[in-house]
Structure formats: C-alpha cells, structure tokens
Amino acid sequence: MPIPGSGLAKGLAVTLRTMTKRSHTAQYPDVQPQLPPRSRGVIGLFEENCTVCMLCARECPDWCIYIDSHKETIPAAAPGGRERSRNVLDRFAIDFSLCMYCGICIEVCPFDALFWSPEFEYAETDIHDLTHERDKLREWMWTVPAPPALDPAAEEPKEIAAARKAVEKAEAAAAAAAAAEAEAASEAEAAATQPPTTPEGDA
C-alpha cells in the first residue's frame with residue numbers, strides 16, 4: 001500500500017530541486033539553438049534523382065505533396081533500337097502548412113531525392129507562401145548536412161562493392177583488348193618485315 005501523500009511529496013521534491021538550479025535561457029534569435037544532427041526542419045528536393053514515381057505523394061498522410069509531370073520520347077541509342085519514354089518533372093511542391101513532419105515521404109523515396117534540412121526559420125505572414133515549389137525546395141538542399149562518416153571497421157557496402165567490381169571488370173576487359181590489339185599489330189609488323197620466300201624450282 002502506498003503511503004498517503006507520497007505522490008505529493010515527490011512532486012514537491014521535484015519542485016524544490018528545480019528551484020535551487022539556475023535557469024539557462026538562450027536569447028533567440030541572437031543565440032541560435034544547437035540542433036541535433038537529425039533535426040526535422042524543412043524538406044529539400046534533389047530533383048536530379050526524382051523519377052516522378054509518385055510514391056511520396058501517394059504515401060503522404062496529409063496529401064501535402066503536389067507533383068505534375070509529362071512524358072518525353074527518347075530516340076533509340078542504336079540504329080534499329082526501340083524508342084523509350086521517360087517522365088519529366090514539371091512541378092514538385094510541398095505545402096508546409098499541412099505537413100506534419102512525419103518523414104514518410106523521405107523514407108519511401110527509392111532514389112534519394114528528398115532530404116531533411118535542420119533549417120526551421122521559414123515562417124510566413126501569408127499561409128499561401130508556405131507552399132514551397134521545386135525551386136525553393138532545391139535551395140534547401142544547400143542546408144542539408146553531410147551524412148556521417150562511415151565506420152572504418154564496417155564492411156564495404158554492397159553498392160560500392162558492386163560498382164568497384166564492375167569497374168575492375170571493365171578495366172580488365174580494356175587491358176585484354178589492348179594487349180590483343182598490340183599483339184596483332186606486332187604480328188602484322190613482323191610479317192611485313194619478313195623477306196618474301198621463293199619456290200625451290202625458281203632460280
């Protein structure tokens with residue numbers, strides 16, 4: 001059985017401890033706060049990575065992401081090849097007056113086109129100005145902090161290992177082709193410098 005009044009005593013103890021401590025007040029905006037590295041301030045767009053897959057807009061619970069695009073036809077790279085079509089981004093906007101900063105759009109983006117920026121000073125006097133178009137979202141990319149350094153003891157990421165193996169394979173193939181070409185050239189030069197042979201009956 002709890003002792004009657006123990007809850008009140010604990011609360012008063014917390015109050016007394018707080019009263020004896022000196023308060024620390026940061027004079028914002030003269031003193032900027034020290035934000036954690038993973039602070040959720042505003043969302044930046046790296047539109048070169050955006051493929052208009054619409055995953056972010058579909059998964060957004062607030063429906064605050066607006067995307068418009070059109071298709072363009074890419075001619076065939078080789079004669080006789082087939083033409084391809086790609087999506088071209090026309091508009092990418094986020095309404096931060098509706099956004100609840102859940103981060104789902106950043107998590108579901110498969111091509112790393114959306115990033116968190118720690119910047120939070122973008123208040124507006126007009127609510128319509130809180131809808132940031134893609135040009136404004138691109139400007140926020142310059143405030144995105146660099147990712148943390150990799151652990152030296154960690155194993156090599158699969159993507160880097162695959163890319164390194166592909167480069168090594170391409171370099172080996174190029175070296176083999178160059179060696180074969182050099183050998184063919186030396187054989188041709190040797191054949192050109194060798195004197196012509198005459199049949200034994202001719203003399």
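Show the residue pairs that are 6+ apart or on different chains and have beta-carbon atoms under 8 Å apart, the first residue being within region 84-98 and without any contact (Cβ under 8 Å) to a residue 40 or more places away in the chain, the second being of a type in the set (A, V, I, L, M) and exposed (fewer than 15 other Cβ atoms within 10 Å of the Cβ).
That search, which allows pairs on different chains as well, returns Arg84/Ile74; Arg84/Ala76; Ser85/Ile74; Arg86/Ile74; Ser97/Ile127.
Please go through (1) loosely packed, with under 11 Cβ neighbours inside 10 Å; (2) within 22 Å of the chain's Cα centre (by Cα); (3) more than 24 Å from Trp142 (Cα to Cα); (4) of a type outside the set (Val, Ile, Thr) for Asn87 and return the number of the only condition it doesn't satisfy.
Status for Asn87: all satisfied but (1).
If the requirement is being touching a Gly at 6+ places or on another chain (Cβ under 9 Å) and either under 15 Å from Tyr66 (Cα atoms) or modelled with pLDDT under 90 (or both), which of these qualifies: Leu98, Leu130, Leu114, Leu89?
Only one candidate qualifies: Leu114.
Considering only region 116-139, I want to know if a residue exists there that is in a loop (DSSP other than H, G, I, E, B), open to solvent by 70 Å² or more (accessible area, probe 1.4 Å), β-branched (Val, Ile, Thr) and farther than 27 Å from Cys53 by Cβ.
Within region 116-139 (the criterion being in a loop (DSSP other than H, G, I, E, B), open to solvent by 70 Å² or more (accessible area, probe 1.4 Å), β-branched (Val, Ile, Thr) and farther than 27 Å from Cys53 by Cβ), the answer is yes, since at least one residue qualifies.
From the residues in region 61-84 that are hydrophobic (A, V, I, L, M, F, W, C) and either in contact with a Cys (Cβ under 7 Å, 6 or more places away or on another chain) or surrounded by fewer than 15 Cβ atoms within 10 Å (Cβ to Cβ) (or both), which one is farthest from Lys136 (Cα to Cα)?
Only one residue tops the list, namely Ala78.
Working carefully through the options Ser23, Ser85, find the one that is in contact with an Asp or Glu (Cβ under 8 Å, 6 or more places away or on another chain) and either of a type in the set (S, T, N, Q) or assigned to a helix (DSSP H, G or I) (or both).
When all the criteria are applied, what remains is Ser85.
Just for region 90-115: of the residues that are of a type in the set (A, V, I, L, M, F, W, C) and assigned to a loop (DSSP other than H, G, I, E, B), which one is farthest from the chain's Cα centre (by Cα)?
Filtering first and then ranking leaves Leu98.
State which residue is surrounded by the most Cβ atoms within 10 Å (Cβ to Cβ) when the search covers only region 140-165 and only residues that are part of a loop (DSSP other than H, G, I, E, B) and among the charged types (D, E, K, R).
For region 140-165, the residue satisfying everything is Glu156.
Could you grab me the full set of residues in region 34-60 that are assigned to a loop (DSSP other than H, G, I, E, B) and surrounded by 11 or more Cβ atoms within 10 Å (Cβ to Cβ)?
Selection gives Leu35, Ser39, Arg40, Gly41, Phe46, Cys50, Thr51, Val52, Cys53, Met54, Cys60.
So, in region 100-130, exactly how many residues are among the hydroxyl-bearing types (Ser, Thr, Tyr) and free of Cβ contacts under 8 Å to residues at least 40 places away in the same chain?
Summing the residues that are among the hydroxyl-bearing types (Ser, Thr, Tyr) and free of Cβ contacts under 8 Å to residues at least 40 places away in the same chain in region 100-130 gives 1.
The values are calculated or read from the model by the stated rules, or taken from the named source; none is laboratory data. Model, not experiment: these values are computed from the prediction. Positions of Cβ are backbone-derived with ideal geometry, glycine not excepted, and every protein chain shown enters the neighbour counts. In case anyone asks, the SASA skips ligands and DNA or RNA and just uses the protein heavy atoms, side chains included. Shrake-Rupley method; radii C 1.70, N 1.55, O 1.52, S 1.80 Å.
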